[in-house]
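Here the structure comes first, spelled out in structure tokens, and everything after it is commentary.
Quick note: the coordinates plus some simple rules give every number you see, no bench work behind them. Since this is a predicted model, take the numbers as computed values, not measurements. Note that we place each Cβ from the backbone using ideal geometry, even for glycine, and neighbour counts take in every protein chain shown.
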Ligand SMILES: NC(=O)c1ccc[n+]([C@@H]2O[C@H](COP(=O)([O-])OP(=O)(O)OC[C@H]3O[C@@H](n4cnc5c(N)ncnc54)[C@H](OP(=O)(O)O)[C@@H]3O)[C@@H](O)[C@H]2O)c1
């Protein structure tokens with residue numbers, strides 16, 4: 001087991017779930033430390049019936065730790081995580097900064113666990129909207145080779161961190177009471193609205209969030225030929241991202257075959273009975289670790305197409321659960 005685990009970004013939306021998961025999954029380690037910015041330093045948090053004082057993130061703070069799990073903004077991960085590697089720690093990072101760098105492993109434990117075991121430096125956890133999609137694509141890719149994916153996301157406000165959630169609740173209250181509200185995490189009102197931009201503008205009219213789904217998918221599946229066309233949309237849902245996914249495969253798959261492939265893959269749960277109104281909803285998937293799939297059907301516009309609906313808790317499998325699963329994998333092979 002690891003001697004000392006440092007949770008960096010422990011006060012954030014992902015960091016709070018991370019603490020909860022380490023408790024729930026009874027993750028074994030000698031001791032734990034909880035680290036955040038100077039804003040939170042000195043605050044007390046509870047973990048396994050004990051009080052811990054939040055420590056400040058500095059480049060020297062990693063001495064004595066052998067595992068770091070970090071959930072901070074990109075610029076913070078860029079500045080501090082190399083110091084953790086230099087201090088001899090195994091490092092798992094949730095931010096977007098390291099994912100596509102050469103020599104950095106990008107890992108979903110159900111999909112490419114060996115990449116984590118072979119890694120010598122930082123191990124990155126994918127973008128939340130990528131993780132749930134790639135977990136769903138993996139069994140289809142193994143059986144029939146995925147050639148092209150068209151995906152639209154319906155992303156929850158918790159994906160924008162603690163401030164995203166506050167904006168949804170406070171913005172909604174203000175909207176209903178007719179008061180003004182100044183949004184901090186979003187460029188437009190999110191209450192009673194949809195925003196078809198997540199991240200910054202990049203090439204060809206796509207956003208940074210959309211291009212993450214393109215490039216991270218190829219890296220995790222180890223196939224540079226997969227074509228992905230994403231549209232990422234923020235919706236007024238507090239937690240759990242939903243995705244409408246259409247996949248074109250080299251070999252045709254029937255909806256029944258796709259359903260069997262999903263059902264037998266670890267980490268996927270199928271909820272699919274349109275007649276009875278059963279399909280995954282953000283409200284029913286909230287707090288679960290699985291990727292939920294429903295509305296499995298033939299793409300009536302293409303002979304080799306399958307369409308489905310996919311929902312997962314972005315703070316759990318999209319972030320904290322995936323990181324803890326990587327930590328569990330590393331711990332098993334120490
Ligand atoms: N939310 C999601 O669904 C999701 C999913 C996958 C990946 N991610 C990624 O995970 C990371 C964290 O996201 P989040 O949603 O948890 O954000 P968040 O709620 O804004 O939390 C950010 C965390 O980073 C800490 N932090 C910020 N600036 C810092 C600094 N200068 N030095 C040390 N610590 C600092 C914050 O500490 P203070 O409280 O002290 O400010 C807080 O603990 C981001 O890179 C995000 O892209 C998020």
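Here are some notes:
- MRE, 222 nm, helices only [DSSP H, n ≥ 4, -39500 (n - 2.57), over the chain, to nearest 500]: -9500 deg cm²/dmol
- Of 207, 217, the sequence from fewest to most neighbouring Cβ atoms within 10 angstrom is 207, 217.
- Rg and Dmax of region 166-234, based on Cα coordinates, read 16.3, 51 Å.
- On Cα atoms only, tilt of 321-332 relative to the major axis of the chain in degrees: 60
- Max mean-square fluctuation residue, GNM over the chain, Cα-Cα springs under 10 Å, options 242, 166, 312: 166
- The C-alpha atoms of the chain define a longest principal axis, and helix 13-24 lies at about 80 degrees to it.
- P(r) tail for region 285-334: Cα pairs beyond 18 Å make up 52% of the total.
- Using alpha-carbon coordinates, inclination of helix 74-86 to the longest axis of the chain, degrees: 60
- Normalised by the number of residues in the chain, the average gap of Cα pairs under 8 Å and 6 or more apart makes the relative contact order 18 percent.
- Listed residues 284, 153, 165, most fluctuating in the chain (Gaussian network, C-alpha, under 10 Å): 284
- Rg(Cα) / (2.2 N^0.38 Å) computed for region 204-268, rounded to two decimals: 1.33
- Whole-number percent relative contact order across region 130-314, with pairs defined as alpha carbons under 8 Å at least 6 apart: 29
- Across region 99-149 the C-alpha pair distances fall into 10 Å bins from zero in the proportions 25, 48, 26, 1 percent.
- Site pair residue 75 and residue 102 shows an inter-label distance of 2.7 nm when each label is modelled 7 Å from Cα along Cα→Cβ.
- Taking the convex hull of the alpha carbon positions in region 130-314 and averaging its projected area over all directions gives 11.5 nm².
- Max mean-square fluctuation residue, GNM over the chain, Cα-Cα springs under 10 Å, options 84, 187, 320: 187
- Each of 100, 1 was scored by other Cβ atoms within 10 Å of its Cβ. Arranged with the fewest first, they read 1, 100.
- Bins of 5 Å, starting at 0 and running to the largest distance - Cα pair percent for region 65-145: 3, 15, 24, 24, 16, 9, 5, 3, 1
- D (Stokes-Einstein, µm²/s), Kirkwood Cα radius, region 33-171, 0.692 mPa s at 37 °C: 190
- Exposure proxy ranking for 125, 37, 254, based on other Cβ atoms within 10 angstrom of each Cβ and starting from the fewest, stands as 254, 37, 125.
- Distance cut-off 31 Å, percentage of C-alpha pairs in the chain lying past it: 32
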